[in-house]
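Right, one structure below, let's go through it.
What follows draws every value from the coordinates through simple rules; no lab data is involved. Being a predicted model, the structure only gives us computed values, none of them experimental. As a convention, Cβ positions derive from the backbone with ideal geometry for all residues, glycine included, and neighbour counts pool all protein chains shown.
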Amino acid sequence: MDTIPYNWTIPFLTYDNDDEYRRHIRTAFNLPQKNNIDTTTTTPTDTTYDDPSELDPTEMDVLMETTRLIYEKTQTHPLFATLYEHAAAKMMSISPQTGVVVLFSFDYFTYFHSCLIEYFVEKKAVFPAYEPLYQLLTTRHKTNIGFNDEDVPI
């Protein structure tokens with residue numbers, strides 16, 4: 001845990017929109033917060049506009065290295081391996097490295113962060129946050145594109 005530059009002091013994350021999610025990602029990965037610009041007086045084409053979601057190359061390196069270290073420390077744990085497999089499938093992949101990246105996305109980050117805290121900080125071999133994340137990853141959702149998931153062969 002000490003060798004992974006991740007913010008282990010955040011007990012639980014909640015967010016309702018992209019801006020809150022991005023702030024939590026920056027906090028979790030120990031990246032500096034970006035200033036929010038008042039978009040009522042500034043447009044994205046103005047040179048003063050600062051998109052808080054943009055990562056500079058150094059920040060992207062930190063994010064990817066931290067993700068790699070987390071994966072290395074968790075890849076052989078059966079619960080994490082299962083999560084990585086199901087998360088990768090969301091991107092039509094079988095790569096567990098893809099799975100760990102997916103778990104840091106908006107839909108899964110709250111639960112994945114809790115799993116990481118329970119595993120690395122609380123030293124739990126089986127963690128309560130696993131089940132809701134597993135359910136979220138494996139529950140099929142109805143689509144609005146003319147057919148139901150049941151109609152699609154797997």
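Along the stretch 17-27, what does the Karplus equation 6.51 cos²θ - 1.76 cosθ + 1.60 (θ = phi - 60°) give for ³J(HN,Hα), rounded to whole Hz, x for Gly and Pro?
For the stretch 17-27, the Karplus curve yields 8, 4, 4, 5, 4, 5, 5, 5, 4, 4, 5 Hz.
Using amide H atoms built in the peptide plane, which far-off residues or other-chain residues are under 5 Å from Asn7 H to H?
Hits under the 5 Å cutoff: Phe29, Asn30.
How are the C-alpha pair distances of the stretch 54-114 spread across 10 Å bins, as whole percents from the shortest bin up?
23, 54, 22, 1
Only residues of the stretch 3-25 count here: report those whose backbone N is under 11 Å from the spot 7 Å along Cα→Cβ of Asp61, or say none.
none
Sorted from fewest to most neighbouring beta carbons within 10 Å, what does the list Glu20, Glu118 look like? Show your work: numbers first, answer last.
Numbers: Glu20 13, Glu118 17.
Ordered from fewest to most neighbouring Cβ atoms within 10 Å, Glu20, Glu118 come out as Glu20, Glu118.
Find how much the distance from Tyr15 to Val121 grows on full extension, using 0.36 nm per residue of separation minus their present alpha carbon separation; answer in nm with one decimal. List each step's numbers first, then the result.
Values: separation 106, 0.36 × 106 = 38.16 nm, distance 2.20 nm.
Difference between extended and current length: 36.0 nm.
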